[in-house]
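Step one of this worksheet: look at the structure below.
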């Protein structure tokens, strides 16, 4: 039977209410030790007076410092509980690129959390930018949208390049419309510079392939803020297109143009010679009308043609260097005419040319400049690609320089009536 009190009410039904109270943060040390509420009356609190004890207090400086430390700890705990779902890399990425020379932890080079601007750039990259850099297949889009950003969380070098590319993309979207672009080009330049300070001397081949596109996009963006200067044939310098080629070759060696990690191999095929013939035959070109590769370029390595200075290509190694460069340019020519494969095609020619041919370019040998001329013509057709807008200006500037350097003898041979019609009707 339930007990009753004097008034006859059931004791079990009595509900105890805790009176509102506030905790004491500034009590004396004795009350804190005994874990009782202190009335905080100084110099002698009521509890210590009743117990006839010495009343001691924590100094004001230490009390304020302790309070700040406690608040900081609470804020850190709150942030860490809110951000991992967005910012923490996937656990599956820990097994990817275990032997990468890039910093394994972002703590020394990249903050554990990204600011709102960086989050905006990362969000834009995953949803909008990444599909434009993939090759149109669902597997390559998945790699660009999810795998690359996930890897970037553990690699500050790659993260800054990714954010730079996203900034440039936003600039190309907003600037032509007259919409304030929040200085996206300046932001891209800042991320690019920070990335270069973190770039390893011995870059892992797979990370080299990932970063290659971002580095070239940043290089092309230079001409958006400052148009390339025009050079005369007597200038000792080179057009910017050669610096782009040098950047590509420095980042990725010809032997490492394929991804080695299985998760990234969906991005491989546009760089493989002749491996895309079936795709090219089954997919229409971007502008609807395919443009045949100039036939005379396939014979540029032969000493029996009408080209000047046939003695140069009588050497078998020299002839082979020109032949490989022409074959690679033919593949680049066709791949760049297909939608979603332009980026891979543009990168493929500088990657596949030999070291000997690259030296011929630096030496300004006419045959090498002829092939460079038509590579630049390919780039001028990529104005529909946001990442190539700056590259189009670089290519046009380089075309004029090459034409002047070649001189009338080579120009007349190369710019034949057929190729002249190709240049001035189709390419403009």
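Values in this text are rule-based calculations from the coordinates and carry no lab data. Fair warning: this is a prediction, and the values are worked out from it, not measured in the lab. Every residue, glycine as well, gets a Cβ built from its backbone with ideal geometry; the counts of neighbours run over all protein chains shown.
Can you tell me which of 398-407, 166-175 comes out highest on packing, and rank the rest after it, using the mean Cβ neighbours within 10 Å? Please list the in-between numbers first.
Values: 398-407: 19.5, 166-175: 21.9.
Output ranking for 398-407, 166-175: 166-175, 398-407.
Please compute, over every Cα-Cα pair in segment 283-426, the percentage with a separation greater than 26 angstrom. Mind showing how you got there, number by number?
Values: 2107 of 10296 pairs.
Of the Cα pairs, 20 percent sit more than 26 Å apart.
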